[in-house]
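What follows is a set of notes on a single structure, which appears directly below.
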Amino acid sequence: MELVPSLAPVAALLGTWRGDGAGEYPTIEDFTYTDEVVFTDVGKPFLHYVQRSWSPDGTPMHTETGYLRIPVVGTAEMILAQPMGQTELAEGTVVAEADRLVLELTARVSSSATAKQVDATTRRYELTGDRLVTSFAMAAVGVPMTHHLSSELRRV
């Protein structure tokens, strides 16, 4: 299957990425986890995205799924759903250079009536070679935008 031309700037993300992560937030204890991110080409003008994480003992912690679009050169959109009751509509930029890719997004979040309140998020993905570094911040449960997660992943 040939990649849709608009996705060329993010083609290097295709595949499975796995590694270690660390989390913190003012309302919880710090923690570590194993992180996995998968970007898949589905033959349309978007990539399918799945993220999963596990505690050090292998217990599932989090998952989310969605789509990454590049509607205009230099811009990016991610539409995400999380089973705990949130959806994110993230918009931002993508900078693709010869040896580096940086994706930065800010999201509006909708929460179900029973979900914890999350107001906004920011995400950053930086790819250099076969190393993908991620960071995530959120404004939630009365706390302003604060760093929450970071991980360093390798292509598997």
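The values are calculated or read from the model by the stated rules, or taken from the named source; none is laboratory data. Because the structure is a prediction, the values reported are computed rather than measured. Neighbour counts run over all protein chains shown; Cβ positions are idealised from the backbone, glycine included.
Only one of these is within 18 Å of Leu103 (Cα to Cα) and touching a residue at least 60 places away in the same chain (Cβ under 8 Å): Val50, Val38, Val73. Name it.
Only one candidate qualifies: Val73.
Would you confirm, using the coordinates I've provided, whether Thr106 is under 20 Å from Thr16 (Cβ atoms) and among the polar types (S, T, N, Q)?
Against the criterion (under 20 Å from Thr16 (Cβ atoms) and among the polar types (S, T, N, Q)), Thr106 does not qualify.
Suppose the filter is assigned to a helix (DSSP H, G or I), without any contact (Cβ under 8 Å) to a residue 40 or more places away in the chain and more than 21 Å from Lys116 (Cα to Cα); does Ala11 pass it?
When the stated conditions are applied, Ala11 passes them.
Just give me the residues in region 69-95 being within 29 Å of Thr114 (Cβ to Cβ), not small (Gly, Ala, Ser) and not in a strand (DSSP E or B), in sequence order.
Once the filter is applied, which keeps residues that are within 29 Å of Thr114 (Cβ to Cβ), not small (Gly, Ala, Ser) and not in a strand (DSSP E or B), region 69-95 yields Pro83, Met84.
Select from region 96-115 the residues that are modelled with pLDDT of 95 or more, assigned to a loop (DSSP other than H, G, I, E, B) and charged (D, E, K, R) and list them in ascending order.
Across region 96-115, the qualifying residue is only Arg100.
I'm trying to understand the selection: among the residues of region 70-88, which are more than 12 Å from the chain's Cα centre (by Cα) and over 19 Å from Leu3 (Cβ atoms)?
Pro83, Met84, Gly85, Gln86, Thr87
Mind listing whichever residues of region 32-68 are β-branched (Val, Ile, Thr) and either assigned to a loop (DSSP other than H, G, I, E, B) or closer than 18 Å to Arg155 by Cα (or both)?
Those that are β-branched (Val, Ile, Thr) and either assigned to a loop (DSSP other than H, G, I, E, B) or closer than 18 Å to Arg155 by Cα (or both): Thr34, Val37, Val38, Thr40, Val50, Thr59.
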